[in-house]
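Peer 1: Let me begin by handing over the structure; questions about it come next.
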Amino acid sequence: MEELRVGFIGTGRISDLHALEYLANDRARIVAVCDKNYDLAAKRGAAWGVRPDRIFTDYHDLLALPDVDLVEILLPHHLHYQATLDAAAAGKHISLQKPMALSVQEADEMIAAAEKAGVIFKVFENFIFYPPVQRAKALIEAGEIGDPLTIRIKSNSGTSPNMWDVPPEAWAWRFTQEQCGGGPLVFDDGHHKFSLAWYFMGLAEEVHAWIGATEIAPGFVLDSPAIVSWKFSNNRYGSLEVVNSPELVLDTQHYAQDDRIEITGTKGVIWVTRGHGKMMDVPPVVLYRDRKVMTYSDMPVGWEHSFINSTRHFIDAYFAGQPPSLTAWEGREILRFALAAQESARTGQAVRL
Ligand SMILES: NC(=O)c1ccc[n+]([C@@H]2O[C@H](COP(=O)([O-])OP(=O)(O)OC[C@H]3O[C@@H](n4cnc5c(N)ncnc54)[C@H](O)[C@@H]3O)[C@@H](O)[C@H]2O)c1
């Protein structure tokens, strides 16, 4: 059977969830890993069955291997641009974690490099593959709420005794503008929320944002609280509220955060009631229509399933010769959307896309 041979560039916090489907899927195999932290690369490599002579600290060594078909680039944001150019020059297909770059100009150069090299280039986005989100989309497409008019997304972070370990180095670059490209909540994690808005409503025409600033430790300023509002085509609107509540204790196995979505249509309302965690003790998808409440619980709700589904979709698309989601062009549009919010918050003006 034909096999997709994968090399990981960056084996930090998120790499565990990327590995899950590659390890489970008969048509894919992780064949090499690289991290500038050798011990980390060796630990993950051993756990994923990678040969010791295929564990690197310089990703150029991994790119030189002829039997790597695809690279998963899981690096801090400021390194996405060069690593993508190098991977394309080495003729590797590319799956790049979001956000694809720090600027639209970088994104355009990356797309041009991948097109010139004739390699597949996708931006990894998992929230649109979260099973409750996919169920809500299917219900909307089946006409259950009529025509969608508005979307509200709420993202609430706090603290948790059972959250996973995030090493201090993984936070440090997120609080550095030149490395992250924006704040940890509205730009980094926010990419997922802009993707959700795009997934349900299409690309916005106009964006307006207030992004607050809260110092949570000396030198660490969180971009919270924040409100971003969007105008979509055909008289449709949306908003994102981001808030960190330092003493809000959450139940999660991943980040100490939870998300909710509410979409209102011409004849009904649908809610996705959870994301990273489980704040509200209600079914993951709830639909109101015609004086009735319908609930949907027959789906996996662990956040890891969004990664498993996203990777499985990509492996299927790869072997079927179909475009992946997100294509690099879609990733570019979502980056443009997210950057518009940063610009609006800076200038105090609405930004037209
Ligand atoms: N989809 C999601 O929900 C989600 C969640 C977390 C992170 N992410 C994204 O995943 C990416 C990585 O984030 P993370 O949380 O794993 O960060 P991290 O800091 O935990 O991991 C990054 C790794 O890259 C390594 N590294 C840095 N420079 C390197 C270089 N030049 N060569 C080789 N290795 C190098 C670091 O040693 C580190 O282990 C980012 O794009 C982030 O936005 C996405």
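Peer 1: Looking only at residues that are part of a loop (DSSP other than H, G, I, E, B) and within 21 Å of residue 81 (Cβ to Cβ) in region 320-353, which one is most open to solvent (accessible area, probe 1.4 Å)?
Peer 2: Narrowing region 320-353 to residues part of a loop (DSSP other than H, G, I, E, B): 321-326, 348-350, 353.
Add one more test, that the residue is within 21 Å of residue 81 (Cβ to Cβ), and what stays is 324, 326.
Numbers: 324: 15, 326: 0 Å².
The residue in question is 324.
Peer 1: Here's a follow-up. Taking the condition assigned by TED's automatic domain parsing to the domain that holds residue 342, under 29 Å from residue 163 (Cα atoms) and within 16 Å of the ligand (Cβ to nearest atom), does residue 251 pass? First the steps, then the outcome.
Peer 2: Details: assigned by TED's automatic domain parsing to the domain that holds residue 342: yes; under 29 Å from residue 163 (Cα atoms): yes; within 16 Å of the ligand (Cβ to nearest atom): no.
No: the conditions fail for residue 251.
Peer 1: Now a separate question. Kindly provide the set of residues from region 294-319 that are outside any helix (DSSP H, G or I) and within 18 Å of the chain's Cα centre (by Cα), ordered by number.
Peer 2: 301, 302, 303
Peer 1: Sticking with this structure for a sec: Is it true that residue 144 is of a type outside the set (Val, Ile, Thr) and either modelled with pLDDT under 95 or part of a helix (DSSP H, G or I) (or both)? Step through it out loud before you land on a result.
Peer 2: Details: of a type outside the set (Val, Ile, Thr): yes; either modelled with pLDDT under 95 or part of a helix (DSSP H, G or I) (or both): no.
Taking the combined requirement at face value, the residue does not satisfy it.
Peer 1: For region 276-298, state whether one or more residues are within 16 Å of the ligand (Cβ to nearest atom), at negative phi and open to solvent by less than 50 Å² (accessible area, probe 1.4 Å).
Peer 2: First pass over region 276-298, keeping only residues within 16 Å of the ligand (Cβ to nearest atom): 276-277.
From what's left, at negative phi: 276-277.
From the residues that got through so far, the ones that are open to solvent by less than 50 Å² (accessible area, probe 1.4 Å) too are 276-277.
Yes.
Peer 1: Further, regarding this structure: Scan region 216-227 and report the pairs whose first residue is in contact (Cβ under 8 Å) with a residue 12 or more places away in the chain and whose second residue is open to solvent by 60 Å² or more (accessible area, probe 1.4 Å), with Cβ atoms within less than 6 Å and a gap of 6+ or a chain change.
Peer 2: 221/213; 221/215; 222/216; 227/210; 227/241
Peer 1: Something else about it: Which pairs turn up if I take residues in region 17-43 that are under 18 Å from residue 170 (Cα atoms) and look for partners that are assigned to a helix (DSSP H, G or I) and among the polar types (S, T, N, Q) with beta carbon separation below 8 Å, at least 6 apart in sequence or on another chain?
Peer 2: Close Cβ pairs (under 8 Å, with a partner that is assigned to a helix (DSSP H, G or I) and among the polar types (S, T, N, Q)) amount to 18/311.
Peer 1: Related question: Output the residues belonging to region 72-103 that are more than 9 Å from the ligand (Cβ to nearest atom) and under 20 Å from residue 40 (Cα atoms).
Peer 2: Selection gives 72 alone.
Peer 1: From the list 291, 336, 346, 352, which one is basic (Lys, Arg) and under 23 Å from the mean Cα position of the chain (by Cα)? It would help to see each step written out before you state the result.
Peer 2: Numbers: 291 fails: under 23 Å from the mean Cα position of the chain (by Cα); 346 fails: under 23 Å from the mean Cα position of the chain (by Cα); 352 fails: under 23 Å from the mean Cα position of the chain (by Cα).
Exactly one residue qualifies, and that residue is 336.
Peer 1: Going through region 245-275 one residue at a time, which ones are modelled with pLDDT of 95 or more, more than 16 Å from residue 153 (Cβ to Cβ) and polar (S, T, N, Q)?
Peer 2: Across region 245-275, the qualifying residues are 245, 266.
The values are calculated or read from the model by the stated rules, or taken from the named source; none is laboratory data. Model, not experiment: these values are computed from the prediction. Counting neighbours? That spans all protein chains shown, and the Cβs are built from the backbone with ideal geometry, glycine included. Ligands, DNA and RNA are excluded from the accessible area calculation, which covers all protein heavy atoms including side chains. Shrake-Rupley method; radii C 1.70, N 1.55, O 1.52, S 1.80 Å.
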